[in-house]
Amino acid sequence: MAAGKVHAVNQSHFPPEDDPGPDFAALVRQAGLWPDTPTSLSGAEVPHGTTCVAVRHSDGVVMAGDRRATSGNFISHRSIEKVFPADQHSGVAIAGAAGPALELVRLFQLQLEHYEKVEGSPVSLEGKANQLSQMVRSHLPAAMSGMAVVPLFAGFDTARGLGRLFQYDITGGRYEEHDYASAGSGSLHAGTVIKLGWSPDLSVDEAIDLTLRSLLEAADEDSATGGPDMLRRIFPVVANIGEAGFERVADDDLEQRFVALFEQLAATRGAERDNFVEGTNS
Amino acid sequence: MTMPFYVAPEQMMKDRADYARKGIARGRSLVACTTADGIVLCAENPSRLLRKISEIYDRIAFAGVGKYNEFDQLRIAGIRHADLKGYSFSREDVEARSLANNYAQILGNVFTHEMKPMEVEILVTEIGADPSGDQLFHILYDGTLVDETGFSVLGGDAEVVGERMREAWSEGCTAQEGVVAAVGALAGENSLDAGDLEVALLERTGPRRRFRRLSDDTVTEFLAG
């Protein structure tokens, strides 16, 4: 990558056959700023982000992701963020090699904003999902060496007035899901919790609680997924995407929800635990 | 063998300038002014689809008058420059000043080296934390770069409109007063309603992207007082 290369405005004039149009990724390539694909690294050495989920509810979609990044069996970061606004009405969550994943998100955000500014109107939700698919596919060589990036994409389709969500595989395969989607190492457990708790008429509140519960259970079973850290006040990143756009849920709100969830769990599990301790003593 | 006629450089520049000025004078004018709420950009533009004012970056807007295809090309080049710079450095490194300098270079080069000068006048403007930090860069067809304070007028009738603007605009006015002043200056003795105008505001406070187009309803409301 040509680091720090300054691109002058007069270099942004292209003959018609080379004009990148509203495509920011193509422009970055033409400017020689496209990052090289790392292929010789062993994937295990770089930090990996893990579990994220998206749940559709009656007024849109809730996305959530835990805050842990791991390198092998080490925790390399406690407060990494994996859920980002893609633009005003959509969000992207990532699982996989943290470095390439964050770069992918940055480029995706810029791609959408660039298109909107050049064309004067935003990309359709379908178009955004396809763009992300192409970006994941172009990352395939790195994915083959253990640095896979698997995003979730969700948004509010303003044309149809409903929330939609998309899941991807490492080849850029794009799958629209109807109810919920999950990605990352804890996705199996998180997905099961959501599957059991999901109903078509979920409210925003219920959807947020369901994602928190799913991440808590995933953290309970999967060492690469971080649970809520009450001591440092590190909570999952949770965002609701509805007609009003992408809105992140405040940490104070999440803390209260977790406290309520712990109380509820303690009430049902506490008695069980007491019986178990007595049983071993006798 | 044909020999080109000798033309004095002064004459050649004058001809080119006249050509560009005539092209610009055919179009309608545009006014931008700073207010307490942000920078108001207001153009007389009956088209709803072909825009003269647009967003370049978080706090930077662009406006052009003259030949549409030429200033639109400049607008896209500016967005590319800003987005690439923000991508390879940081969002806060993207500034109107360097963009305006770049535009001045392009227009200056085209003016002296190309077959025909660009028949455009453009404005690059950046919103500051308070009105004293607002920047208005007015760039002419030959690359002349002017850093203006308070307000800026582009287009054929710039002098007349500017005179009216000087009387109507006052420092520290609200966005609504700014729109009224700008529309009054553009209209003169005629009257303009929302359908004939394109109005946008670079907001002083708010989320990352400060550029906002004002709908016809909002403009009508503003003009009614």
Which residue is farthest from the other protein chains (Cβ to nearest Cβ), if the candidates are limited to the range B:71-105 and must be open to solvent by 10 Å² or more (accessible area, probe 1.4 Å) and of a type in the set (Ser, Thr, Tyr)?
B:Ser90
So, B:Val161, is that one outside any helix (DSSP H, G or I), of a type outside the set (Phe, Trp, Tyr), at pLDDT 95 or above and farther than 30 Å from A:Gly32 by Cβ or not?
no
Which residues, counting only those in the range B:21-56, are farther than 16 Å from B:Ala185 by Cα, within 14 Å of chain A (Cβ to nearest Cβ) and open to solvent by less than 60 Å² (accessible area, probe 1.4 Å)?
B:Ser47, B:Lys52, B:Ile53, B:Ser54, B:Glu55, B:Ile56
Which numbered condition trips up B:Met12, out of (1) under 24 Å from B:Phe137 (Cβ atoms); (2) open to solvent by 10 Å² or more (accessible area, probe 1.4 Å); (3) of a type outside the set (Val, Ile, Thr)?
(1)
Only one of B:Asp157, B:Asp134 is more than 21 Å from B:Leu197 (Cβ to Cβ) and acidic (Asp, Glu), namely B:Asp134
Going by what's in this entry, would B:Tyr57 be described as aromatic (Phe, Trp, Tyr) and touching a residue at least 24 places away in the same chain (Cβ under 8 Å)?
yes
Residue ranges of strands (runs of 3 or more DSSP E) in the range A:154-207 with at least 1 members modelled with pLDDT of 95 or more and under 22 Å from A:Val249 (Cα atoms):
A:162-168, A:180-183
When you go through A:Gly186, A:Gly172, A:Gly227 one by one, which is the residue that is open to solvent by less than 10 Å² (accessible area, probe 1.4 Å), among the small types (Gly, Ala, Ser) and closer than 16 Å to A:Lys82 by Cβ?
A:Gly186
Hey, does the range B:102-124 have a residue that's within 15 Å of the chain's Cα centre (by Cα) and more than 29 Å from A:Ala26 (Cβ to Cβ)?
yes
When A:Leu140 is evaluated against the numbered criteria (1) in contact with a Leu (Cβ under 6 Å, 6 or more places away or on another chain); (2) closer than 22 Å to A:Arg29 by Cβ; (3) not small (Gly, Ala, Ser), which criterion, by number, is the only one it fails?
(1)
Any hit, the range B:197-206, residues being surrounded by fewer than 22 Cβ atoms within 10 Å (Cβ to Cβ), under 21 Å from B:Ser54 (Cα atoms) and without any contact (Cβ under 8 Å) to a residue 24 or more places away in the chain:
yes
Considering only the range B:214-225, how many residues are closer than 17 Å to B:Arg51 by Cα and surrounded by fewer than 17 Cβ atoms within 10 Å (Cβ to Cβ)?
2
When you check A:Leu112 against the structure, is it more than 10 Å from every other protein chain (Cβ to nearest Cβ) and touching an Asp or Glu at 6+ places or on another chain (Cβ under 6 Å), yes or no?
yes
Given B:Gly143, B:Gly155, which one is over 20 Å from B:Arg51 (Cα atoms) and either surrounded by 14 or more Cβ atoms within 10 Å (Cβ to Cβ) or in contact with a Pro (Cβ under 6 Å, 6 or more places away or on another chain) (or both)?
B:Gly143
By residue number, the members of the range A:198-218 that are surrounded by fewer than 21 Cβ atoms within 10 Å (Cβ to Cβ) and within 17 Å of A:Phe258 (Cα to Cα) are A:Val204, A:Asp205, A:Glu206, A:Asp209, A:Arg213, A:Glu217
Positions within the range B:174-187 being among the small types (Gly, Ala, Ser) and open to solvent by 30 Å² or more (accessible area, probe 1.4 Å), in sequence order:
B:Gly184
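The values are calculated or read from the model by the stated rules, or taken from the named source; none is laboratory data. Bear in mind that the values here come from a model prediction, so they are computed numbers and not experimental data. Every residue, glycine among them, receives a Cβ derived from its backbone with ideal geometry; neighbour counts consider all protein chains shown. The area values use the complete protein model at the heavy-atom level, side chains included, leaving out ligands, DNA and RNA. Shrake-Rupley method; radii C 1.70, N 1.55, O 1.52, S 1.80 Å.
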